[in-house]
Every structure is written in C-alpha cells, then in structure tokens.
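Report on the following structure.
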Amino acid sequence: MRVAVVNDSKLAAESLRRVIADSGRHQVAWVAEDGADAVHRCADDVPDLILMDLIMPVMDGVAATRQIMAKTPCAIVVVTASVSGNAGKVFEAMGAGALDAINTPILGMNGTSGGHEALLHKIDMVGRLIEAPKRISAPHAPVHHNPCAVPGRCPPLIAIGASTGGPAALKTILEPLPSNLAAAIIIVQHVDEEFARSFAEWLNEQTALKVRLAQPGDRPQPGQVLIAGREDHLILTRESTLDYTAKPEDYPYRPSVNVFFETVARHWGGQAVGVLLTGMGKDGGNGLLALRQAGCHTIAQDQASSAIYGMPKAAAEIGAAVDILELKAIGPALLKSLRRPITA
C-alpha cells in the first residue's frame, strides 16, 4: 500500500517512514509536517492509508481527519505517543472517520524502531479491510426460527454494530437514553483490543447508562451497555450469555458485527433491535438481514449522516434494514421500538 505520514516531530516522522520503507511490502506516498499540510497534499495525491498524528501546530489530527474524510476520503490510522493518555482526542478522531489508533514506534540509537511489528500488523490489517468488500459479498444462510417472537424470556436487547466514525455516532445515540432504560445494549465497534478498555471508559462518560467491556458469561441487563473488548468475535450463546470465539479465523473484521448479529438472531429469547452504523466495508449487513429474518426490527444509518457509507449501504442493498435513518433519529426510534411490538 501507499502510506502517507503526518507528524510535526521529525524524529517520529522518520521512525514511521523507516518502518514503512524497510517493510518491503509498502511504500511512503508523502510526509506532511502538520494537519493543514496533510489536507493540501491529500487533495493532490490520495494515498491508501494515512498515519495521522494527533497533537500538531496549525491544524491537529482531529481537524485534519475531519477535512480529509469530507473532501478526499481514505483510510486513516491515528498514531500518537500515548493512545491511552490522549483517549478523548483519539476517539474524537475515530468519530471523524479514523479507522483505528496505535502508539508511535520509537526510533532507537541503532536505527531500529521499537513497536514496528505492531505498526506493520496494523497497516496489514487496514489493507485487508480495504480489500474485504471485494472478497465478502455472499450472504450467509438465512436464520429460519424466530427467537424474538418468544416473549418474556429476556429483556429487550439493542444490538449495535459500528466501525469508521462509530465513536461519534455511538455518542450521539447513547447521550439521550435514560439511565433506567428498559433494554440492554451490546455494541461491536471495530477497535483494537489494546484500546477497547479506554474506549469503554470514554463512552461511559458520554452517557447516563453504565458502559463496560463484555466479559465471558455476562448476561445482558437493562440499563447496561456492554462493548466487545477482544480481537476474537463476541457471540451470544444458547444460554443467552456472552462469550468470545476465534472462529471464523480468516474473517477480516475482528471483532465481527456479522458474527454477533447472527448469534443474536439464533439465540436471543426476547425482543431485539439491530442497528448498523457508519463504517468501511460490508461487515454487519448479512447479520442485520439475519435479525430481520428472525422478526427483529432493524435500523441502518443513512448516507448523509455516515462518516463512511459502507456497512449501512451494504445492509440497505440487500434489504436488511426496516428503517434507514439519519443518526440523530436513531435514538428516538429505539425508544419507540421498545414501546411497541417489533415486526419486520
């Protein structure tokens, strides 16, 4: 892939440039010294991926990400000295359209770069995500039985999937929901396992609901938001508890929205609503269709309010969404759905 570097530190920029150039499988497209320079360069030459610093003069990484995604969209990964120390701005950048985040590799005295393998792994992962829509298009087998039609077994469940732009979208949806919400909420957001806890802590500050990472054996509870916290796929078991599984191992989206939605369609014994938000690729479309076929209400975010209209577009194209809504309308629609029977 052609990878661009945006960083006001010459040492950090050289460290990133060295890792890319020495990899043998990627090349440096260009190097920019601040966000404004990156916006200008991207207008003339759009790379496959931008490694974007957060804290810079003239224009920071959040503003640059927002402008690039609006004008010349491409994959962006935030690279900063401390992801955990800059969690608020990291997730703000991800809300603006950045795919993920990673700590800046350190260039050692001997010219080697500590953390280079993690960075290359991240770049390779982005490459797989970019190619994934070309490889994953066939819908999964339909789910024939209807667990959502069995009343009284479980509280209402809101299952949400998100990727690029997801943090900001999730904040918008969760902010107006009351702390005594009668439904449980489970979220699969494409985020690196290393930063999942920081993401949950950040989101917990944006809502009156209690937010934490999902643990094996957890049972969805009203008024609680559980977030997928591992690279393995989050699933709902036959016992209506949560667990993680490595399979399918070759799936490019980890954790996968499709995998989670499909297990909800099979195993949840109460009312459920599926929501698919902004994101690159097609993950979640087949899973949302499985939920609709199981009798659940399904919602996809519309194009105008999506940072990247990939995942919800895929769902819309196969008829997986009962409603296609602007982001700010999704929260009220969820509350309305919980007050009436759900039909497809």
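Things to note:
- Flag for A21 being among the hydrophobic types (A, V, I, L, M, F, W, C), in contact with a strand residue (DSSP E or B) (Cβ under 9 Å, 6 or more places away or on another chain) and either under 19 Å from I130 (Cβ atoms) or surrounded by 17 or more Cβ atoms within 10 Å (Cβ to Cβ) (or both): no
- Taken as a whole, the structure places R238 among residues that are surrounded by fewer than 17 Cβ atoms within 10 Å (Cβ to Cβ) and in the same structural domain as M280 (by TED's automatic domain parsing).
Yes or no, residue by residue, for (1) on the phi > 0 side of the Ramachandran plot; (2) among the hydroxyl-bearing types (S, T, Y); (3) touching a Ser or Thr at 6+ places or on another chain (Cβ under 9 Å):
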{"residue": "T263", "(1), (2), (3)": "no, yes, yes"}
{"residue": "H267", "(1), (2), (3)": "no, no, yes"}
{"residue": "Q271", "(1), (2), (3)": "no, no, yes"}
{"residue": "V275", "(1), (2), (3)": "no, no, yes"}
{"residue": "M280", "(1), (2), (3)": "no, no, yes"}
{"residue": "D283", "(1), (2), (3)": "no, no, yes"}
{"residue": "A294", "(1), (2), (3)": "no, no, no"}
{"residue": "I299", "(1), (2), (3)": "no, no, yes"}
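- Hits in region 32-65 (condition: outside any loop (DSSP other than H, G, I, E, B) and either β-branched (V, I, T) or surrounded by fewer than 22 Cβ atoms within 10 Å (Cβ to Cβ) (or both)): A36, D37, V39, H40, R41, A43, D44, I50, V62, A63, T65
- Note on region 92-117: residues that are assigned to a helix (DSSP H, G or I), at pLDDT 80 or above and surrounded by 12 or more Cβ atoms within 10 Å (Cβ to Cβ) total 5.
The values are calculated or read from the model by the stated rules, or taken from the named source; none is laboratory data. On a predicted model such as this, the values are computed, not experimentally measured, just so you know. Note that we place each Cβ from the backbone using ideal geometry, even for glycine, and neighbour counts take in every protein chain shown.
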